[in-house]
There are 2 protein chains.
Amino acid sequence: MTAPLRHDGALSGSTDAELAARERELERRYRVACGSNLDLDLTRGKPSADQLALSDALDGILDGDYTASDGTDTRNYGGLRGIPEARTLGAEIMGLRPDQVIAAGNSSLTLMYLTVDTALRYGLNGAAWDGALSRGARGASPSQERPILALCPVPGYDRHFTLTEALGIGMTPIGMTDDGPDMDRVEALVESDPSVKCLWCVPKYSNPTGCIYSPDTVRRIARLPQRASEGFLVLWDNAYAVHDFDFPPPPLENVLECAAEAGTEDGVVLFGSTSKISFAGAGVGFVAGSPNTLDRLEARMSVMTVGHDKVNQLRHARFLGGRVREQMRAHAARVRPKFEAIERILSESLGGLGVAVWTRPRGGYFVTVNTLPHLASEVVSLAGAAGVTLTPAGATHPGGHDPEDHIIRLAPTFAADDEVEAATEILALCIELASVRKLLAKSRAK
Amino acid sequence: MTAPLRHDGALSGSTDAELAARERELERRYRVACGSNLDLDLTRGKPSADQLALSDALDGILDGDYTASDGTDTRNYGGLRGIPEARTLGAEIMGLRPDQVIAAGNSSLTLMYLTVDTALRYGLNGAAWDGALSRGARGASPSQERPILALCPVPGYDRHFTLTEALGIGMTPIGMTDDGPDMDRVEALVESDPSVKCLWCVPKYSNPTGCIYSPDTVRRIARLPQRASEGFLVLWDNAYAVHDFDFPPPPLENVLECAAEAGTEDGVVLFGSTSKISFAGAGVGFVAGSPNTLDRLEARMSVMTVGHDKVNQLRHARFLGGRVREQMRAHAARVRPKFEAIERILSESLGGLGVAVWTRPRGGYFVTVNTLPHLASEVVSLAGAAGVTLTPAGATHPGGHDPEDHIIRLAPTFAADDEVEAATEILALCIELASVRKLLAKSRAK
């Protein structure tokens, strides 16, 4: 958020008569919009067909040569850590060393699930959170009766919340700033409550605010496992590590290096993938961390698979190895204009009105709009009736509940440029209409 | 097993002097073998490079067309059940209808893990086996103190055992016959012990005996969920569904049809994959079952992934759709001679001696050899010293423990034809040597 929402903008200084006139004008425009049979969608956090086409050369790139650099026949079974060149690719994307990375299957979310489930039931950074399966038995344990809590920066990524909830882990929302999570609160909770076992992070172009965690925030996060109860994990979902709009891109502090300095390496697990670099559904996922972390995750993997898809790993290494930035420039050329359109239209329509603030990310997949309190659902509903589908208000919060009901997540990548523009126009109209109505109602209630 | 092992063969009728002379001859030959610097391996249940090359056209087969038959852009996120043509391919392989099949990622073992873990913690065919997470809470439950047991036909597949053990589930070994598991014992256990919650099955070319479950056995298995306690599952790992040596291939009774007749459809979950049809590490895995089963598994998948690799599904559908049998004939041409070499050499070397029996599978990946009681480890060790690596005796039993120590699993596919022949010669020599020594020791102890 570039600035806190101020309620002293132009609209709140208007007279009731001015507001009523504005309401009539907005309603007229809104009725026109509703009659236009629009069918627009800003909910889909996935690449456009244009972006996907950047990687169409993947299929066929092997040209009959299925052998990895270490001689591995990628067509056959085995190799849970991935082939060397795929680990190198993961390291290039995540800013790590190849030996810190496991290259796996097509989903980093699966690796996050594996990590949390392992920590919960078997132990990853020390003993199991629930103390059961780590003892080699399925049976109950007294410690299972203790709650286990995850710290969840909000607004955040709904799939993190769904995953956490499915494992029976409670969630404590943490406010986001432009520098990342509110670290004073995170540190206080971690120190005072031994039930707190992990912190979810999307450190670069955070989903959905688009902020980049500041160096100080990253260093404080890296030290958390020192202050926390046994088994605490930083879950570092670096999904947008290279998804920049500007080149050279802004840096992100290396959390694993910070952790190594702090002696907390076993407490930080990193995730990445090529999903929004090559194909969203058919890329390569990565998990990274300390030697202990990789050993334990590999041991878990060995129970459930004979190995990941090494052929696809080889395809990706041959296609992207050494040219990730070039690929991301090409993505940026397609994605950046959509973000700029949102910024331009929201500024032109709502600038100075004091009814909304929004983020101006320089990468990633999302823009966050803050409305006046308790108006987000109303805006989403108005937009829906006018043919513009928005992510349900609250989706960015654990349990789908935003207590302030003021956050709207925009995902512009999948739609065409003109669709993004048209949808944003409607959004701005709906925000202003809902805000004017609210101000009028408030004034009349006096 | 074509016949039980008889101890009245030629060797046991020999005099001590004859046995001692034979021992000297065998030891001479064994010393020669040990001096030959052999390096042979019959442990690897994976395809040879020759077999893998049959599918080299997979990479590049899409020719830039990434669109599935229903219009899905396979490059993007989504679609947990798989694209239609991949589900059709799974159905073709497994002898089912496409709507009964989910096409997933590269590993059917992962789908087995998901299935057992879901049944254990969330419930699949009724309530969760351990009664915990199904109640929406992570906490302990009184029922967790009850043991949970899996019935495991032996000899069997070690990865089934490892998976089961990792989930804290106990294992009860069940003897195998030529018709499949000893069903009298299975039925008795299922009816008498409510802790028994599942039965592992490899119904065709069973790993490692190579038998095909008889129609009567399949029907009895399909009815088990009626007789068992709530939540019982038949885990039907049809890994070798089309891996035949003879065409037309021998039939396998359709367990899901039998279950539908018996009203037990929710209690049977089927698995298959293209792993040994196309690439062992980069194929497509399938899980199949009732509508309820697919709904529940899809719900679990949705927590841990945004979708499986649909691009690879499309490759496989385009490459294999409608020509699975043709592909398997080509595999058979490469695999069958290795099995025939084992049969020929064991028959010539050990036939009539009464020291071993072995299976003569007409498909699949393994041959099982039964030695005299308590000799398998000794044979494996002798062969190892002569440069022939065999799967550790006991690996085919839960916990790696074969109480009779008499079963050796041979996996001939990966080795070259002449290596299979050389290794089998050594194996036969080691079996006879160990047996002669044992008979001599027994006789001298009298």
Percent relative contact order of the range B:343-408, based on C-alpha pairs within less than 8 angstrom and at least six residues apart? 28 percent
Let me confirm one metric for peptide A:305-317, namely the mean number of other chain beta-carbon atoms within 10 Å of its residues' beta-carbons. 6
Calculate, in nm to one decimal, what residue B:67 and residue B:49 gain on full extension: separation in residues at 0.36 nm each, minus their alpha carbon distance. 3.4 nm
For helix B:16-34, what angle does its Cα long axis make with the longest principal axis of chain B, in degrees from 0 to 90 and rounded to 10? 60 degrees
Tell me, what is the Rg over Rh of chain A, with Rh the Kirkwood radius over Cα pairs? 1.01
Using a 7 Å offset from Cα along Cα-Cβ at residue A:323, what residues in the range A:41-63 end up with backbone N under 15 Å from the label point? A:53-63
³J(HN,Hα), Karplus 6.51/-1.76/1.60, whole Hz, each residue of the range A:367-374, x for Gly, Pro: 10, 10, 10, 9, 8, 4, x, 6
Please find the FRET efficiency linking residue A:343 to residue A:292, where r is the Cβ-Cβ separation and R0 is fixed at 51 Å, and quote it to the nearest 0.05. 0.70
Whole-number D in µm² s⁻¹ for the range B:68-322, Kirkwood Cα-pair radius fed into Stokes-Einstein, 37 °C, 0.692 mPa s: 179 µm²/s
Checking rank on B:424-436, B:22-34, with mean other Cβ inside 10 Å and highest first, the result is B:424-436, B:22-34
Which order do the peptides A:347-354, B:364-371 come out in when sorted by mean C-beta neighbours inside 10 angstrom, highest first? B:364-371, A:347-354
Burial ranking of peptide ranges A:395-407, B:305-317 (average Cβ count within 10 Å, highest at the top): B:305-317, A:395-407
Over the range A:200-339 - Rg/Rh using Cα atoms and the Kirkwood inverse-distance radius: 0.99
Given label points at 7 Å from Cα along Cα→Cβ, what nm distances, shortest first, separate residue A:257 from the same residue in every other copy? 6.5
Value of [θ]222 nm, deg cm²/dmol, for chain B, DSSP H segments ≥ 4, -39500 (n - 2.57) each, nearest 500: -13000 deg cm²/dmol
Under Stokes-Einstein, with the Kirkwood radius over Cα pairs standing in for Rh, what whole-number D in µm²/s applies to the range B:390-446 at 25 °C and 0.890 mPa s? 185 µm²/s
Output the relative contact order of chain A, whole-number percent, from Cα pairs under 8 angstrom with separation of 6+ residues. 26 percent
Note on the range A:68-322: contact order normalised by length, alpha-carbon pairs under 8 Å, 6 or more apart, percent, works out to 27 percent
For residue B:373, label point 7 Å along C-beta direction: distances to other copies, nm: 8.1
Taking every DSSP bridge whose two residues both lie in the range A:68-322, the antiparallel percent to the nearest 5 is 35 percent
DSSP-defined beta bridges in the protein assembly as shown - what % are antiparallel, rounded to 5: 50 percent
FRET efficiency (residue A:260, residue A:179; Cβ distance; R0 30 Å; to 0.05) is 0.85
Would you mind giving the mean number of other chain beta-carbons within 10 Å of the Cβ of each residue in B:75-82, as a whole number? 6
Under the Karplus curve 6.51 cos²θ - 1.76 cosθ + 1.60, θ = phi - 60°, whole-Hz ³J(HN,Hα) for the range B:47-53, x wherever Gly or Pro sits: x, 7, 4, 3, 5, 4, 5
Cβ-based charge dipole, the range A:68-322, positive-most Cα from A:113, A:205, A:272: A:113
List the distances, in nm to one decimal, from the label point of residue B:352 to the label points of the same position in every other copy, shortest first, placing each label point 7 Å from Cα along the Cα-to-Cβ direction. 10.8
Strictly over 26 Å apart at the Cα level, which of B:204/B:310; A:197/A:338; B:46/B:310; A:310/B:46; B:46/B:438 would you flag in this model? B:204/B:310; A:197/A:338; B:46/B:438
What is the gain in length, in nm to one decimal, between residue B:97 and residue B:24 on full extension, counting 0.36 nm per residue of separation less the C-alpha to C-alpha distance? 20.2 nm
Given Cα positions, please report Rg to Rh for the range B:310-407, the hydrodynamic radius being the Kirkwood one. 1.12
Sorted by chain and then number, the residues having a modelled amide H within less than 5 Å of the amide H of residue A:358, at least 5 places away or on another chain, are A:2, A:370
For chain B, give the share of DSSP beta bridges that are antiparallel, in percent and rounded to the nearest 5; count only bridges with both residues there. 50 percent
For the protein assembly as shown, how big is the tail of P(r) above 54 Å, as a whole percent of Cα pairs? 20 percent
Amide H neighbours of residue A:281 at under 5 Å, excluding residues fewer than 5 places away on the same chain, with H built from the backbone geometry, are B:76, B:77
May I ask for the distance between the Cα centers of the range A:31-65 and the range B:231-305, given as a whole number of Å? 33 Å
For the range B:142-264, state the average projected area of the convex hull of the C-alpha atoms over all orientations, rounded to one decimal in nm². 7.6 nm²
Have a look at A:18, A:230, A:378 and tell me which one the Gaussian network model of chain A (Cα, springs below 10 Å) gives the largest fluctuation. A:18
Using alpha carbons only, how many degrees (0 to 90, rounded to 10) separate the axis of helix B:324-350 from the longest principal axis of chain B? 20 degrees
Partner chain Cβ atoms within 10 Å, averaged over the residues of A:36-48 - can you pull that number for me? 1
Considering only DSSP states other than H, G, I, E and B, which GluC sites (Glu not before Pro) in the range A:256-344 qualify as loop sites with at most 16 other Cβ atoms within 10 Å? none
Taking amide H positions as placed 1.01 Å from N in the peptide plane, with prolines and chain starts having none, which residues 5 or more places from residue A:388, or on another chain, fall under 5 Å of its amide H? A:40
To the nearest 10 degrees, the tilt of helix B:215-227 (Cα long axis) against the first principal axis of the alpha carbons of chain B is 60 degrees
Distance from the Cα centre of the range B:399-438 to that of the range A:380-446, in angstrom? 71 Å
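The numbers here are math on the coordinates, done by the rules we state, and not lab data. Just so we're clear, the structure is a prediction, and the values are computed from it rather than from any experiment. Neighbour counts run over all protein chains shown; Cβ positions are idealised from the backbone, glycine included.
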